[in-house]
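Everything below concerns the one structure shown next.
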Amino acid sequence: MARANEWAGKVLALVKGGNTPAAIAQIKVAPSVKDLRALQTALAAQQSAGRWPDVEVAVRDNIDALSAPRLHRSP
């Protein structure tokens, strides 16, 4: 049984409520790329293109950051 994506819904509620700084803070500590993509899809479903540009940029930047291979430092 797949778990519902509650994180994206909660962050979307922050954005809709006008608390974009809190939403961006949550985006920066997102649990996974899957959750960020769900949020990106939810934002697109709201037909909000350009309405919250700072949130859209934060989502794209953090998808890139989480998707990139991690740098490894030898002990």
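The values are calculated or read from the model by the stated rules, or taken from the named source; none is laboratory data. What you see is a predicted model; the values in this text were computed from it and never measured. Quick reminder, even Gly has a Cβ in these numbers, built from the backbone with ideal geometry, and neighbours come from all protein chains shown. All accessible areas refer to the heavy atoms of the entire protein, side chains included, with ligands and DNA or RNA removed. Shrake-Rupley method; radii C 1.70, N 1.55, O 1.52, S 1.80 Å.
Just the residues that are assigned to a helix (DSSP H, G or I) and surrounded by fewer than 19 Cβ atoms within 10 Å (Cβ to Cβ), please, taken from segment 16-25. Result: 16, 20, 21, 22, 25. Taking the criterion of being open to solvent by less than 30 Å² (accessible area, probe 1.4 Å), not aliphatic (A, V, I, L, M) and not in a loop (DSSP other than H, G, I, E, B), the only residue of segment 26-53 that qualifies is 35.
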